[in-house]
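Below you'll find the structure, written out as structure tokens, and then a few comments.
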Amino acid sequence: MKQVDQVANGAKFIADVPHRESHDRCLWAARMRRDAVAQQIPEWEEMRRLASLVKMHTLSNLDFYLEQFEKNAIANGIHIHWAKDAAEHNEIVYDIFKAHDVKIVTKGKSMLMDECGMREYMGERGIEIFEADLGERIQQLSNERASHIVMPAIHKLRGDVAKLFAEHMGSDPTNDDPHYLNSVMRKDMRQNYIKVDAGMSGANFAIAETGGIVVCTNEGNADISANVPPLYVASVGIEKLIPRASDLPLFVRLLSRSALGFHVTQYTSHYHGPREGQEMHIVLVDNGRSERLSMTGFCEMLKCIRCSACINTCPVFRRTGGLSYDAPYMGPIGIILEPSYDLHRYAQLPYSCTHCGSCANVCPVKVPIPELVFKWRNELVDKGEDLLSHRLQMDVAAAVLQNATRLSWAEKFALSALRHTPKQLLNSHLNPWAEKHTNPNPPEETFREYFKKQQPTNKKQ
Ligand code: SF4
């Protein structure tokens, strides 16, 4: 499969100034809200530390907690299935739908189902899936994947949505008022809800002690999917386990504040069994998670609770947009997760990072993203998947930096080149950096020369 070139994809988004500026502004606002609400909780850092420990404990005993969850869920009247990969997940769900003659499904937002390509799989088999989440539905109508974990259509302007709705639902293309657009979507979706044969959702947490799942949404899309139809199927990644019900408040408090900077998510729904007359299934999905768990130094990526705080704060993501990653997961969490699905296809993603470290500072479960990015770069070099241009740059840098005389000559050469290269050439398209920056005037001397002058008696210098 073709390698994803996030830099080239991102450059297109950067060039689109209105979209880029709106994207940057909205995400930075979410980051600032997150800071404000986190600062109101004195024990915030202690909560992060605790959440990280609970996640690591669960992952270290995952076999035990998964079996406990299964036993308790079955006792609650839930059918449990195990899927080793995306293909098996889709087959299991399809078999359930076939057995119930399902033709139309409504679905709450789920990154796992995107990861499994479930909507496309069902579509090819004649099962129509309606996204109940507004942002996901916008992306479905646009025939695009989600560009953000929590706000799937955040890269779009209101005017884009107005035109899209006009095209698909005959609304006024010039009216981009959010209340109007919401009402258009609500009217359209309500007629679908009463027709659906089954509902689906993901889960934010699966509680081993009680055998139930918890889904957090701001629009109630999971609730529509779980409560209206006679059949409810939830897909749950095996890393979503937490041991006890008493662990849940810690994660719920962290999740909403980290995601959008809200004190609480609008709907925190608990599903611990089917409603009367309903059938409820949970598919526990591995899809490479056990393998990730066994990768030395990488297992901490499984602590992720998909809050998107790292995405909102990332300067690369805010400027280049989520679609540039061309992957189900995007931004900082995407660049450390995706290479574990397909090393070659996503080999360039770990280089879409400036190592500013902001992601690690905001992550509620302390996923050490910058360290993992660094580990991935090592892994890519070891596996021969790094770019030739990077390798050459590193070889030259190593040769120069290992030797003081060579470094001194390189500094002199660079300074002379900066002084004598004509400005027209330095500011031409041959130097992409100069397209958006002004080249500073070259200094009079190298730092080494300056340092020598300051310490005239230091002969070694
Ligand atoms: S890595 Fe941390 S900050 Fe990023 S989505 Fe996961 S939990 Fe949130």
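Looking at region 342-461, what helices (runs of 4 or more DSSP H) fall wholly within it and have at least 3 residues that are exposed (fewer than 12 other Cβ atoms within 10 Å of the Cβ) and more than 16 Å from the ligand (Cβ to nearest atom)?
388-401, 404-420, 423-426, 447-454
Counting only residues that are farther than 17 Å from Ala11 by Cα and either charged (D, E, K, R) or without any contact (Cβ under 8 Å) to a residue 12 or more places away in the chain (or both), which one in region 302-341 is nearest to the ligand (Cβ to nearest atom)?
Arg306
Quick check, is His263 assigned to a strand (DSSP E or B) and surrounded by fewer than 24 Cβ atoms within 10 Å (Cβ to Cβ)?
Against the criterion (assigned to a strand (DSSP E or B) and surrounded by fewer than 24 Cβ atoms within 10 Å (Cβ to Cβ)), His263 does not qualify.
Counting only residues that are crowded, with 18+ Cβ neighbours inside 10 Å and part of a loop (DSSP other than H, G, I, E, B), how many does region 276-287 have?
Going through region 276-287 one residue at a time, the tally reaches 2.
Kindly provide the set of residues from region 272-301 that are more than 30 Å from Phe374 (Cβ to Cβ) and free of Cβ contacts under 8 Å to residues at least 60 places away in the same chain, ordered by number.
Across region 272-301, the qualifying residues are Arg275, Glu276, Gly277, Gln278.
Going through region 391-405 one residue at a time, which ones are farther than 25 Å from Ala347 by Cβ and of a type in the set (Gly, Ala, Ser)?
Listed by number, the list holds a single entry, Ala404.
Out of Gly273, Gly297, I need the residue that is out of contact with any strand residue (DSSP E or B) (no Cβ under 9 Å at 6 or more places or on another chain), more than 14 Å from the ligand (Cβ to nearest atom) and part of a loop (DSSP other than H, G, I, E, B). Which one?
Just a single option satisfies the conditions, and that option is Gly297.
Look at region 109-123 and say how many of its residues are of a type outside the set (A, V, I, L, M, F, W, C) and within 17 Å of Lys195 (Cβ to Cβ).
Looking only at region 109-123, we keep the residues that are of a type outside the set (A, V, I, L, M, F, W, C), and these are 109-110, 114-115, 117, 119-121, 123.
Next cut, within 17 Å of Lys195 (Cβ to Cβ) only: 123.
Final tally of qualifying residues: 1.
Determine whether Arg31 is without any contact (Cβ under 8 Å) to a residue 12 or more places away in the chain and among the basic types (Lys, Arg).
No: the conditions fail for Arg31.
Does at least one position in region 154-166 carry a residue that is at pLDDT 95 or above, on the phi < 0 side of the Ramachandran plot and of a type in the set (Val, Ile, Thr)?
yes
Here are Leu387, Leu426: which of them is modelled with pLDDT of 85 or more and at negative phi?
Exactly one residue qualifies, and that residue is Leu387.
Buried (at least 18 other Cβ atoms within 10 Å of the Cβ), in contact with a Cys (Cβ under 6 Å, 6 or more places away or on another chain) and modelled with pLDDT of 95 or more: does that describe Ala38?
In short, no.
Contact list please: Cβ distance under 9 Å, first residue in region 83-107 and of a type in the set (Phe, Trp, Tyr), second residue assigned to a strand (DSSP E or B), pairs at least six apart or on different chains.
Phe97/Val105; Phe97/Ala198; Phe97/Leu231; Phe97/Val233
The values are calculated or read from the model by the stated rules, or taken from the named source; none is laboratory data. Because the structure is predicted, anything quoted here is derived from the model rather than measured. Note that we place each Cβ from the backbone using ideal geometry, even for glycine, and neighbour counts take in every protein chain shown.
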